[in-house]
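The values are calculated or read from the model by the stated rules, or taken from the named source; none is laboratory data. Every value quoted in this text rests on a predicted model; they were computed, and no experiment measured them. Cβ: placed from backbone, ideal geometry, glycine included. Neighbour counts: every protein chain shown. These area figures cover heavy atoms from the full protein model, side chains too; ligands, DNA and RNA do not enter into them. Shrake-Rupley method; radii C 1.70, N 1.55, O 1.52, S 1.80 Å.
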Protein chains: 2
Amino acid sequence: MADRRSRPRTGLTREKILDAAIAFVDEHGPEALSTRRLGAALGVEGMTLYHYVPSKAVLLDGMVERLVLQAADEAGPAQDAPWTEVVRDTANALRAVLHRHPGMLAVIATRPVNSPAALVLFDRTLGRLHSQGVPLDLAMDVLNAAMTFTIGHTLAEIGRTPGTPAAAFESASPSDAGPHLGEALAVGAGLDFERRHHRTLAMIIDGYAALAVC
Amino acid sequence: MADRRSRPRTGLTREKILDAAIAFVDEHGPEALSTRRLGAALGVEGMTLYHYVPSKAVLLDGMVERLVLQAADEAGPAQDAPWTEVVRDTANALRAVLHRHPGMLAVIATRPVNSPAALVLFDRTLGRLHSQGVPLDLAMDVLNAAMTFTIGHTLAEIGRTPGTPAAAFESASPSDAGPHLGEALAVGAGLDFERRHHRTLAMIIDGYAALAVC
DNA sequence: GCATCGATTCTTACGCTGTAAGAATCGTGA
DNA sequence: TCACGATTCTTACAGCGTAAGAATCGATGC
C-alpha cells in the first residue's frame, strides 16, 4: 500500500471530481461546466483536473457512468422479484436519479452509455429476466423500451434548455397554445408526469408479459 | 412589394441558413457547428449570420422547428384516419425524420420544442384525437408517450456521441459484454430497431385504446 | 447618370473555452 | 537531508460566441 510515494495535497480524487461536476451541472446547467470553473469549485486551477481525467469528454462519460451506477444501487436488491417488477424498478430508479440530477439529463441524452460498468449492469438485469423464462430477445426489447421511454419521458418532463427550467407545456399559457391544448391545460391534464410515466410503463411491461407467455 | 430597398447579395435567407445548418450537423456532428464554419459553408463570414439569426441558441431552435414541421408534413394528410393510425403515423414520421437527420438528435433532445409552430401542430393532432371521442387527458398522454418513446428509442438506436456512429450495443462485442448480453447479440437480438420500435409503439397505442373505450 | 439610403456583409476585438507543454511545489522513502 | 515522483500551477494557442462599427452593394429618387 506504499506504492504511492506522495499523497494529494487537497484530497482530490477522480470520484470527487465527478461528483463535484454532477453537482455543478445540477446547479448551473451543463453548458456552464468548464474545466476552469469546475476547478474553482474544487479550490484548484482548471488544468489540475487533467491529472485525473484525460479530457472533458471522458469527464462527461464518467459523470454518466456514476449516475448509472447510482440508479442500479437504487433499484434495490430484490433479487427474486418477478421480472415485471425488476423492469419497473429499474425504470423507476432511473427516473428518480434523473430527477435528482436534472442537469445530467442533457448529458446522458447526448452521450451513449457504453461504459463497461453499464454493460455489466445491463447484462445482469438481462440475466434476471432470462432466468425467469423470458426469451433473450424479448428481454432485450422490454428493457430497452422501458429505459428509452423513461429517458424520453423525463426529457419532455424536465425543461431541457438550461435557461428554461419549466416543463415543455407548463411554460405555454392556455391562451397561445391553441384551443385543444389550451383546454387540456386548463383542466390540468398532462401535468402529473409521474402518473403518466407509471401508466405507460405498465402498458409496455404488460404488453411484453403477454408476448412472453405465448 | 417594394418595401425592401436592396436585395441580398448572395441569396441568403433565414431558411437557407437553417437548412445549411441541419445539413452541416448531419455531416459533421453538432459539436462541429460554429458560426464561422457554417458561414464558410454558405460562402460568407461568420458574423453575417447574425443579420438573420440573433444568436446561436435561436439558430438551434430554428433548426429543431424546421425538423418538426418536416415531420408534420410527412405524417400525411389522412385527416379522417382512426386516431390510433394518427398517433402511429406521427411517431413514425418523427422517427423517419430523425433517421434522415441523425446529427439533429442531440440537438432536439437538448432543446425543448416550445416553438409556436410545434404547439400549433400538437394542438391540431390533439384535436383530431378529441374529435374521435378520446378524452383530452388521454389524448395528451398517448401523444406524449408515443413521441417521448420515439425520441428515447431513436437516441438509443443512433449513436449519440458524434465520434461514435454505431448504435449502443453494436459497438460492444459479445466477448466483453457479459454472458447474457453476449448471447443475445450473438443471436442477433436487439438489432432490428424498426421492428422493436413498431412493436412497443403498438403496445402503447393499444393500451391507451383500451383505456379510451372504458 | 448620379447621389443617396438602407440592407447586407465584413473587420476587429473581447472574454471565454479545451488543452498542450513545461515549470514549480510539495510529501514521502532512502 | 536529499532526491524523486506525484501533484499543482503557469503560460500559451487556436477556436468559440458575439458586441460594435466600418465597408460595400443594389435599388430608388432626381
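Quick test for you: out of B:66, B:37, pick the one residue that is within 26 Å of residue A:57 (Cα to Cα) and more than 14 Å from chain A (Cβ to nearest Cβ).
Values: B:66 fails: within 26 Å of residue A:57 (Cα to Cα).
One residue alone meets the criteria, B:37.
Somewhere in the stretch B:114-124, is a residue closer than 13 Å to residue A:152 by Cβ and under 15 Å from the mean Cα position of the chain (by Cα)?
Taking the stretch B:114-124 first, the residues closer than 13 Å to residue A:152 by Cβ are none.
No, there is no match, as no residue in the stretch B:114-124 is closer than 13 Å to residue A:152 by Cβ and under 15 Å from the mean Cα position of the chain (by Cα).
Can you tell which of A:120, A:107 is among the β-branched types (Val, Ile, Thr), away from DNA strand C (no atom under 16 Å from the Cβ) and either in the same structural domain as residue A:153 (by TED's automatic domain parsing) or modelled with pLDDT of 95 or more (or both)?
Working: A:107 fails: away from DNA strand C (no atom under 16 Å from the Cβ).
None of the other options fit; the residue is A:120.
Search the stretch A:5-21 for residues that are closer than 25 Å to residue A:67 by Cβ and pair each with any residue that is modelled with pLDDT of 70 or more and within 6 Å of DNA strand D (Cβ to nearest atom) when their beta-carbon atoms are under 7 Å apart and the residues are at least 6 apart or on different chains.
Hits for this filter: A:10/A:44; A:12/A:44.
Of the residues A:118, A:93, which single one is under 28 Å from residue B:102 (Cβ atoms), more than 9 Å from chain B (Cβ to nearest Cβ) and in contact with an Asp or Glu (Cβ under 9 Å, 6 or more places away or on another chain)?
Checking each option against the conditions leaves just A:118.
Residues checked against (1) at pLDDT 95 or above; (2) surrounded by fewer than 16 Cβ atoms within 10 Å (Cβ to Cβ); (3) not aromatic (Phe, Trp, Tyr):
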{"residue": "A:18", "(1), (2), (3)": "yes, no, yes"}
{"residue": "A:22", "(1), (2), (3)": "yes, no, yes"}
{"residue": "A:35", "(1), (2), (3)": "yes, no, yes"}
{"residue": "A:76", "(1), (2), (3)": "no, yes, yes"}
{"residue": "A:80", "(1), (2), (3)": "no, yes, yes"}
{"residue": "A:83", "(1), (2), (3)": "yes, no, no"}
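Give the residue, chosen from B:59, B:67, B:94, that is in contact (Cβ under 8 Å) with a residue 24 or more places away in the chain, open to solvent by less than 40 Å² (accessible area, probe 1.4 Å) and within 16 Å of DNA strand C (Cβ to nearest atom).
B:59
I'm checking my understanding of the structure. Among residues of the stretch B:36-56 that are of a type outside the set (A, V, I, L, M, F, W, C) and assigned to a helix (DSSP H, G or I), which one is farthest from DNA strand C (Cβ to nearest atom)? Spell out how you get there, then give the answer.
At the first step, the residues of the stretch B:36-56 found to be of a type outside the set (A, V, I, L, M, F, W, C) are B:36-37, B:39, B:43, B:45-46, B:48, B:50-52, B:54-56.
If we keep only those that are assigned to a helix (DSSP H, G or I) too, we end up with B:36-37, B:39, B:46, B:48, B:50-51, B:56.
Working: B:36: 9, B:37: 13, B:39: 6, B:46: 7, B:48: 4, B:50: 7, B:51: 4, B:56: 12 Å.
Checked the stretch B:36-56; the qualifying residue farthest from DNA strand C (Cβ to nearest atom) is B:37.
Kindly check whether there is at least one residue in the stretch A:8-15 that is assigned to a helix (DSSP H, G or I) and at pLDDT 95 or above. Steps first, answer last, please.
Filtering the stretch A:8-15 down to residues assigned to a helix (DSSP H, G or I) leaves A:14-15.
Retained after the next criterion (residues that are at pLDDT 95 or above): A:14-15.
The answer is yes, given that some residue of the stretch A:8-15 is assigned to a helix (DSSP H, G or I) and at pLDDT 95 or above.
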